[in-house]
Amino acid sequence: MLRHELNRENKVKQFLFGSVLALGAALATPAQAASYVVDLTGNVAGFSNFQQDFGGLHFNSYFLSLSGLDSSNAITVDQGDDIFATVTLDALYTIPASQVRTDLLLYFFGSGFSGGPTAVNGAFNFYDGTTLVGSYGYSSSTSSQLASFAVLFPPDNGAFSFDSFTTSVNITLLDAPATLDQAAFSYSLVSDIRAVPEPASWALMIGGFTLVGTALRRRRSAAATV
C-alpha cells in the first residue's frame with residue numbers, strides 16, 4: 001500500500017514537472033510571424049522633384065505619395081513579419097538612365113517607432129503590363145520608418161518603363177510594434193559632380209568663374225562706398 005502511494009506521488013510530481021517545462025517552452029517560443037498584403041496606387045502626375053549634393057555626388061530625386069494605406073486600414077507590424085505590397089500606377093512611367101547609380105525606395109511610415117534602427121530585406125519586381133522589366137533584391141536599414149532600398153549599379157542603371165511593381169518586405173529588425181498608415185515611392189538618379197570636365201567645357205567654366213568674380217568685386221565696391 002505504501003509503495004502504491006509513493007508511485008502515485010512520483011507520477012504526480014513528474015506530471016507537474018512536465019507541465020512546468022511545457023509552459024516554460026511555450027513562453028519562450030516567439031510569437032508566430034504575421035503576413036500582410038497591401039495594395040497601393042500612385043498618380044504619376046504627383047511626382048515631386050528635389051535635388052541635393054552630398055559626398056561629391058548629385059542626387060536628382062523624385063518622390064510620390066501612394067494611396068491605399070491610411071488610418072482606416074492601418075497595419076501593426078513587428079519584427080519577423082512580412083509585407084507583400086503591390087503598387088499600381090495610373091500610367092506607364094519611365095525612370096531614365098543614371099550616371100553613377102539609381103536608388104529605388106519604398107517607404108512605410110506610421111506611429112509607434114521608438115527612433116531605434118529598423119531593417120528589412122526583400123526584392124522589387126517591376127512590370128510593364130505583365131512583362132517583368134526588372135528584379136532587384138535589397139537589404140536596408142534606417143530608423144523611424146521602414147524603407148526598402150535597392151541600388152542599381154551599371155549595367156543595371158539604364159532606363160526602364162513600368163506601370164506597376166511588387167515587393168516582398170521581411171522585417172528583420174524592429175524593436176517594438178509599429179502601426180503603418182502611409183506609404184511612398186521614391187527614386188534618385190545619382191551623378192558624380194567630382195568628374196573632370198571635358199576640354200571643351202573648360203572655356204565655359206572659366207567664363208562663368210570670371211562673371212561670378214566680377215559680380216562679387218562690384219558688390220564689395222558698392223559696400224565700401226556705402
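None of the figures in this text is laboratory data; all of them are computed from the coordinates on show. Nothing here was measured: the structure is a model prediction, and the numbers come from that model. We place every Cβ from the backbone using ideal geometry, glycine too, and count neighbours over all the protein chains shown.
Quick check for you: which residues of the stretch 150-164 have the amide N under 13 Å from the point 7 Å beyond the Cα of residue 62 toward its beta carbon?
Only 159-164 pass the distance filter.
Can you give the FRET efficiency to the nearest 0.05 for residue 33 and residue 181, using r as the Cβ-Cβ distance and R₀ = 30 Å? Walk me through the numbers before you get to the answer.
Details: r = 21 Å, r/R0 = 0.69.
Efficiency for this residue pair is about 0.90.
Please give the contour-minus-distance gain from residue 131 to residue 74: 0.36 nm per residue of separation, less the Cα-Cα distance, rounded to one decimal in nm.
Full extension from residue 131 to residue 74 adds 17.5 nm.
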